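Notes to accompany the following structure.
Rule-based calculations on the coordinates, nothing more; no lab input. Just so you know, these numbers come straight off a predicted model, no measurement behind them. Cβ atoms come from the backbone with ideal geometry, glycine included; neighbour counts cover every protein chain shown.
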Amino acid sequence: MRKKSRFKTRLVILAILLSTILGIYLGYRIFKKPSKENKTWILPKINSSKKILTEEAIIKSMRDKSELITLETSLQQKIVIDDSWGNFSLFKKVQNINFFGDGVYCVDLSKIADDDIKVDNKKKEITINSPKPYVKNVTIDEAKTEYQTVEKGILRFGEIKLDPSEYGVMMNEAKLKMVNEMKKTETYNRAEENSKNAIINFLQGILKKQSFESYKINVHFK
């Protein structure tokens, strides 16, 4: 009996000892401070704020606009109606009429092809080859028309009267002379300069909306 009792006591002590050793080992593994700190990996920063301007964005905006009015000018043209009989002052009958109108220059942006626009993102420059401005139309304000007194020789009487077809011919002549005035070198050079500025201002509005207002714009006429 004594031998069995001692044997059980030893088993109990051995079990307690093994349990204690196992508990110490597990506690060490769980609560042990790492010998090296864990490294934190940071993803490389991607510069997503960098923007690239493309020719397509400008071309689309220009084609949406299509026709750009670049200059409006006020015009005056005198037309002389001569209903005299020969060259004798006695039979003279002449009237001067002053017409007033407005002329418009335009640039057709739809004619700017893809290869007419070059964007240099490094230099921050945009170069555009644009069609030249042209005279869009001339509108005469008939309410402002001035009819001067008829100059008559002593043997001529009455006013000068025009039928509708004659009046139409006179109006067309006045418009034609105004168009020719707009095409003269000095006037047209001013229209070209204004057209360049109008295209630049138009593009600056587009670039500002897209945060590319720092780009320099060069315009050439082809």
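Ignoring aspartates and glutamates fewer than eight residues from K123 along the same chain, the ones with Cα atoms less than 19 angstrom from its Cα are E55, E56, D115, E213. The modelled label-to-label distance between E159 and N137, using points 7 Å beyond Cα along the C-beta direction, is 3.0 nm.
How long are the three semi-axes of the equivalent ellipsoid of segment 105-175, in whole Å, if each is the root of 5 times an eigenvalue of the C-alpha gyration tensor, listed from largest down? Spell out each step's value before the answer.
Values: eigenvalues 566, 31, 15 Å².
Whole-Å semi-axes of the equivalent ellipsoid: 53, 12, 9.
Here the Karplus relation 6.51 cos²θ - 1.76 cosθ + 1.60, evaluated at θ = phi - 60°, turns the backbone of segment 92-103 into coupling constants of 6, 7, 10, 9, 9, 10, 9, 9, 10, x, 10, x Hz, with x for every Gly and Pro. Orientation-averaged projection of segment 63-222 equals 13.0 nm² [convex hull of Cα atoms, one quarter of hull surface area]. Spin-label model, E67/V179: points 7 Å from Cα along the beta carbon direction are separated by 1.4 nm.
Amide hydrogen proximity for I217: with H placed 1.01 Å from N in the peptide plane, the residues at 5 or more positions away or on another chain lying under 5 Å are I126.
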